[in-house]
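Novice: Starting off with a structure, shown below.
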Amino acid sequence: MHPEVITDHPGNCPKCGMTLVPVKSKSKRSTPKNSRGRMLNPAQRGPTPNAEGDRRHEHGESHEMQMAMHSSINIAEPMSRESSGTAWVPDSTPVYGHMFMLGDDMLMLHGGIFPRYTNVSSSRGDDRIDAPNWMMGMYSHPFNDSAQLGFRAMMSLDPLTEGGRGYPLLFQTGESWHDQPLHDRQHPHDLFDELSVSYSQKFNSDFSAYLYFGYPGEPALGPPTFMHRLSAMDNPDAPIGHHWQDSSHITFGVATAGLVWSRLGGIKIEGSSFTGREPDEDRYDFDTPRFDSFSGRISWNPVQNLALQVSHGYLKSPEALEPDVKQHRTTASAIYNQPLGPDRNWSSSFVWGQDDNTGEGKTQSFLLESDYQRGPDTIYMRWERVEKSGHELVLNQADLHRIFPVSAATIGYVRDLSHGRNIDIGAGGQFTLNFWPNDLDRYYGGGPGYAFELFLRIRPSLHGGHMMSATGMDGAAPPAPK
């Protein structure tokens, strides 16, 4: 359920569409309390109509408690807004994960794995069997109703399943293998993608602040990372504009400070100092922290279904093979999420990113992706257009300094074989068309090219707000989702 949803009239839950029903009235009005037994402040209570008019969203028997689910980054924000690093997604975004209440503390577990077969056509294509994957835990410890300590850990077994070269993905660039730049392949992620700690303080109902430190972690630059955007969560592939938009999500050394105003939905201003260098080829080690780069980001969630951000960053020497290159990255994104009813949701994202590299100038990237889920069925799409230099694509000397617009369009489908039973196991496939200018035919062959994948998608089921451990609760197991 979503017990934080409170209205003074009948209707449907704006997060998942379930019918709102009245909470059992009491003979005496009492100050609402959260699941830890603490008094809720006005911002946590929401509207305060009379007892008979109070309506809360329930998926089973009525419970007489108010459950406040806070972000592990900032105690003043709802958990549904939390994403990668300190980035925001819309407040109405469904959460796929398992929550455990350990006294006053909260633990949320996320993750995903895609065992699959991939086949990429063209002269630079490849085929292989692999399994991109990630797992994440978020833990929060409140000191009181206005202060909280948060911890997050994210890991990937890509070094085992992908090897050093990563998986085939036409036009993808960035990082290296055996001291050679990778091209037309997505690099594997490090074993440790995030180990971070944060402290947040709520000063009043409208204003809060936080400090975040990660080694590794994610600076305030770009939209939420692709695997943490619901619009991209069913697609096993990284965007080919990853290094124009959200590639800094694994940074060995990052410190971020943020200020949040709750009015107008939520406005956040934050800044980071971080290490500009991409992770090295040793995916099991911890790289040297440098704190030689910086970024700033403004985020705004004007309504519960929309998350907007603009950001800019300076990255010193992002690629180890080109230590003298410096980069300025600018991004803007809009993420829209629309709950459509019980177990139905539609999420879409638009992302623009621009890199300005030493000696190369500005190149642009555009991404549009969408994901429609109805019960066990999900349809998704992604379209991208990215300007990449001959240097990025590792072409011959004559083409190194030319800029080539390349694009890719993907459509995919997943059918859950197990749905809503703690673990969702889906069987899916996707088809991609790749387009390039005629001048690249000598490298890629005659276009357009194509790629297809057959995969399993394994992840935790949808967290409905009451799908959690009974530890510290009422001792009863939560109802199974329908």
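The values are calculated or read from the model by the stated rules, or taken from the named source; none is laboratory data. Everything numeric in this text was worked out from a predicted model, so none of it was measured. Cβ sites come from the backbone with ideal geometry, for glycine too, and all protein chains shown count toward neighbours. All accessible areas refer to the heavy atoms of the entire protein, side chains included, with ligands and DNA or RNA removed. Shrake-Rupley method; radii C 1.70, N 1.55, O 1.52, S 1.80 Å.
Novice: Need the failing condition index for Ser418 against (1) within 16 Å of Ala232 (Cβ to Cβ); (2) out of contact with any Leu (no Cβ under 7 Å at 6 or more places or on another chain); (3) small (Gly, Ala, Ser), just the number.
Specialist: (1)
Novice: If you don't mind, there's one more thing I want to ask. Of the residues that make up the range 218-227, is at least one small (Gly, Ala, Ser) and part of a strand (DSSP E or B)? Even if it seems obvious, please write down each step before you answer.
Specialist: Start the filter on the range 218-227 by keeping residues that are small (Gly, Ala, Ser), which leaves 220, 222.
Then drop every residue that is not part of a strand (DSSP E or B), which leaves none.
No: zero hits.
Novice: So, in the range 275-285, of the ones that are under 17 Å from Phe192 (Cα atoms) and not charged (D, E, K, R), which residue ends up most open to solvent (accessible area, probe 1.4 Å)?
Specialist: Going through the range 275-285, the residues under 17 Å from Phe192 (Cα atoms) turn out to be 275, 277-285.
Right, trim to not charged (D, E, K, R) and you get 275, 279, 284.
Details: Thr275: 6, Pro279: 12, Tyr284: 116 Å².
So the residue we want is Tyr284.
A quick yes/no check of all residues on (1) more than 30 Å from Pro342 (Cα to Cα); (2) without any contact (Cβ under 8 Å) to a residue 24 or more places away in the chain; (3) not in a strand (DSSP E or B); (4) not polar (S, T, N, Q):
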{"position": "Ala427", "(1), (2), (3), (4)": "no, no, no, yes"}
{"position": "Asp439", "(1), (2), (3), (4)": "yes, no, yes, yes"}
{"position": "Arg442", "(1), (2), (3), (4)": "yes, yes, yes, yes"}
{"position": "Ala451", "(1), (2), (3), (4)": "yes, no, no, yes"}
{"position": "Arg457", "(1), (2), (3), (4)": "no, no, no, yes"}
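Novice: With touching a residue at least 24 places away in the same chain (Cβ under 8 Å), crowded, with 20+ Cβ neighbours inside 10 Å and out of contact with any Cys (no Cβ under 7 Å at 6 or more places or on another chain) as the only criterion, which of Asp145, Asp130 stands out? Walk me through it before giving the result.
Specialist: Values: Asp145 fails: crowded, with 20+ Cβ neighbours inside 10 Å.
None of the others qualify; the one that does is Asp130.
Novice: List pairs: first in the range 103-114 and without any contact (Cβ under 8 Å) to a residue 60 or more places away in the chain and of a type in the set (D, E, K, R), second part of a strand (DSSP E or B) and open to solvent by 40 Å² or more (accessible area, probe 1.4 Å), Cβ under 7 Å, 6+ apart or cross-chain?
Specialist: Listed pairs, sorted by first residue: Asp105/Tyr139; Asp105/His141.
Novice: Do you know which residues across the range 372-423 are of a type in the set (S, T, N, Q), under 21 Å from Pro115 (Cβ atoms) and in a strand (DSSP E or B)?
Specialist: Restricting attention to the range 372-423, the residues satisfying the condition of being of a type in the set (S, T, N, Q) are 373, 378, 389, 396-397, 407, 410, 418, 422.
From what is left, the residues that are under 21 Å from Pro115 (Cβ atoms) are 373, 378, 410, 418, 422.
Selection gives Gln373, Thr378, Thr410, Ser418.
Novice: Next up: Do the conditions hold for Pro289, that is, is it assigned to a loop (DSSP other than H, G, I, E, B), modelled with pLDDT of 95 or more and either under 22 Å from Ser248 (Cα atoms) or of a type in the set (Ser, Thr, Tyr) (or both)?
Specialist: Numbers: assigned to a loop (DSSP other than H, G, I, E, B): yes; modelled with pLDDT of 95 or more: yes; either under 22 Å from Ser248 (Cα atoms) or of a type in the set (Ser, Thr, Tyr) (or both): yes.
It is true that Pro289 is assigned to a loop (DSSP other than H, G, I, E, B), modelled with pLDDT of 95 or more and either under 22 Å from Ser248 (Cα atoms) or of a type in the set (Ser, Thr, Tyr) (or both).
Novice: Right, something else. When the residues of the range 408-426 are filtered to those that are among the aliphatic types (A, V, I, L, M) and open to solvent by less than 40 Å² (accessible area, probe 1.4 Å), which remaining residue is nearest to Pro168 (Cα to Cα)? Spell out how you get there, then give the answer.
Specialist: Keep residues of the range 408-426 that are among the aliphatic types (A, V, I, L, M), which gives 408-409, 411, 414, 417, 423, 425.
Now drop any that are not open to solvent by less than 40 Å² (accessible area, probe 1.4 Å), which leaves 408-409, 414.
Numbers: Ala408: 14, Ala409: 16, Val414: 21 Å.
My answer is Ala408.
Novice: Do you know which of the residues in the range 256-265 that are at pLDDT 95 or above and small (Gly, Ala, Ser) is surrounded by the fewest Cβ atoms within 10 Å (Cβ to Cβ)?
Specialist: Step one: filter the range 256-265 for residues at pLDDT 95 or above, giving 256-261.
Now narrow it down to the ones that are small (Gly, Ala, Ser): 257-258.
Values: Ala257: 15, Gly258: 22.
Result: Ala257.
Novice: Continuing with the same structure: Restricting to the range 209-255, give me the number of residues that are surrounded by fewer than 23 Cβ atoms within 10 Å (Cβ to Cβ) and among the hydroxyl-bearing types (Ser, Thr, Tyr).
Specialist: Looking only at that region, the number is 1.
Novice: Look through the range 110-124, keep the residues that are small (Gly, Ala, Ser) and part of a loop (DSSP other than H, G, I, E, B), and return whichever of them is surrounded by the most Cβ atoms within 10 Å (Cβ to Cβ).
Specialist: Keep residues of the range 110-124 that are small (Gly, Ala, Ser), which gives 111-112, 121-123.
The next check asks that each one be part of a loop (DSSP other than H, G, I, E, B); those that pass are 121-123.
Numbers: Ser121: 19, Ser122: 22, Ser123: 13.
Restricting to residues being small (Gly, Ala, Ser) and part of a loop (DSSP other than H, G, I, E, B), the top hit is Ser122.
Novice: Of the numbered conditions (1) farther than 21 Å from Asn133 by Cα; (2) at pLDDT 95 or above; (3) surrounded by fewer than 16 Cβ atoms within 10 Å (Cβ to Cβ), Leu454 fails exactly one; give the number of that condition.
Specialist: Of everything listed in (1) farther than 21 Å from Asn133 by Cα; (2) at pLDDT 95 or above; (3) surrounded by fewer than 16 Cβ atoms within 10 Å (Cβ to Cβ), Leu454 misses just condition (1).
Novice: Which one of the conditions (1) part of a loop (DSSP other than H, G, I, E, B); (2) open to solvent by less than 20 Å² (accessible area, probe 1.4 Å); (3) more than 30 Å from Glu319 (Cβ to Cβ); (4) not charged (D, E, K, R) does Pro188 fail to meet, given that it meets all the rest?
Specialist: Of the numbered conditions (1) part of a loop (DSSP other than H, G, I, E, B); (2) open to solvent by less than 20 Å² (accessible area, probe 1.4 Å); (3) more than 30 Å from Glu319 (Cβ to Cβ); (4) not charged (D, E, K, R), the odd one out for Pro188 is (3).
Novice: Related question: Being open to solvent by less than 40 Å² (accessible area, probe 1.4 Å) and free of Cβ contacts under 8 Å to residues at least 24 places away in the same chain is the filter here; which residues of the range 152-179 pass it?
Specialist: Once the filter is applied, which keeps residues that are open to solvent by less than 40 Å² (accessible area, probe 1.4 Å) and free of Cβ contacts under 8 Å to residues at least 24 places away in the same chain, the range 152-179 yields only Gly166.
Novice: Which residues, taken from the range 359-402, are closer than 16 Å to Tyr444 by Cβ, in contact with an Asp or Glu (Cβ under 7 Å, 6 or more places away or on another chain) and open to solvent by 10 Å² or more (accessible area, probe 1.4 Å)?
Specialist: Residues satisfying the conditions do not exist here.
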